[in-house]
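Worksheet: the structure to be examined is printed underneath.
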Amino acid sequence: TLPYIEYEAEEGATTGAIVGPTRAFGQVAAEASGRRFVRLNATGQYVEFTAAEAANSIVIRHNIPDDPSGGGIVASISLYVNGAHRQDIMLSSRQAWLYGGETGYSNDPATGSPHRFFDENRALVGDIPAGATVRLQKDTGDVAAYYNIDLIDLEQVAEPLTMPADFVSITDYGATPDDGTDDNNAIYDAIHAL
């Protein structure tokens, strides 16, 4: 028994293209669960699911383009619930691309033979009632050239636990969540404060 329900993109309603199946090395569908996914590459294209149970969080298994020089990009995709825009969810390709084929991998696109993996992004999205439609859509502000959607997971996530007594938080020692900076010193200081 899992705490989430998984929805395969190719089984949802879509105006995008269903790609696959294939097992051929280097083909995106070969990395997808079920060897198929939905590609959204035009403004207004979407993939939509019906929530079987209530949820308040989403996991999106996706692939978006790499930066031309390697290193990935970050781009939003629009989330709609029952036809109303709920929020934009930021997706990243930083961990999804390798180059060099089967002879050795690098992050340099000049190496050739691109290999695309799927990555997962998670978000708390507010209440999604059972029976609601959940849509991922490429809107005007969603600037990636394409969005390959493999699947989503919907889950009812519990409220955060409170910090137990006699524990410390690395944020009390200078760590700043989600800012992309190195927090090693804050982690070191928090450990040594115990």
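The values are calculated or read from the model by the stated rules, or taken from the named source; none is laboratory data. What you see is a predicted model; the values in this text were computed from it and never measured. Please note: Cβ atoms are built from the backbone with ideal geometry, for glycine as well, and neighbour counts cover all protein chains shown. SASA here: full protein model, heavy atoms, side chains in, ligands and nucleic acids out. Shrake-Rupley method; radii C 1.70, N 1.55, O 1.52, S 1.80 Å.
Rounded to the nearest 500, what is the chain's calculated 222 nm mean residue ellipticity when only DSSP H runs of at least 4 contribute -39500 (n - 2.57) each, over all residues?
Values: 1 runs with 10 residues, N = 194.
It lands at -1500 deg cm²/dmol.
Semi-axes of the equivalent ellipsoid of segment 1-125: what are they in whole Å, largest first, if each equals the square root of 5 times a C-alpha gyration tensor eigenvalue?
Taking √(5λ) for each Cα gyration eigenvalue gives 28, 16, 14 Å.
Quick check: pseudo-label points 7 Å beyond the Cα along Cα→Cβ at Ile191 and Phe25, how many nm apart are they?
Reported label-point gap for Ile191 and Phe25 is 3.9 nm.
Where only protein heavy atoms count, and the probe is 1.4 Å, what is the accessible area per residue for segment 1-91 in Å²? Don't skip to the end; give the middle numbers.
Details: 4290 Å² over 91 residues.
Value returned for segment 1-91: 47 Å² of accessible area per residue.
Roll a 1.4 angstrom probe over the protein heavy atoms and tell me the percent of accessible area of the chain that is carbon or sulfur.
Whole-percent figure for carbon plus sulfur exposure: 50.
Short version: ³J(HN,Hα) in whole Hz for each residue of segment 67-74, in order, from phi by Karplus 6.51 cos²θ - 1.76 cosθ + 1.60 (θ = phi - 60°), x for Gly and Pro, what are they?
So the Karplus estimates, Gly and Pro as x, are 5, x, 9, x, x, x, 10, 10 Hz.
Is the shape of segment 124-194 rounded, prolate or oblate, going by the alpha carbon gyration tensor and its root eigenvalues a ≥ b ≥ c, with a/c under 1.5 for rounded and a/b larger than b/c for prolate?
In terms of gyration-tensor shape, oblate.
Please work out the C-alpha center-to-center distance from segment 130-194 to segment 71-117 and express it in whole Å.
18
Per-residue counts of other Cβ atoms within 10 Å, averaged by peptide: what ranking do you get for 100-113, 129-142, 166-179, highest first?
In decreasing order of mean packing, 100-113, 129-142, 166-179 become 129-142, 100-113, 166-179.
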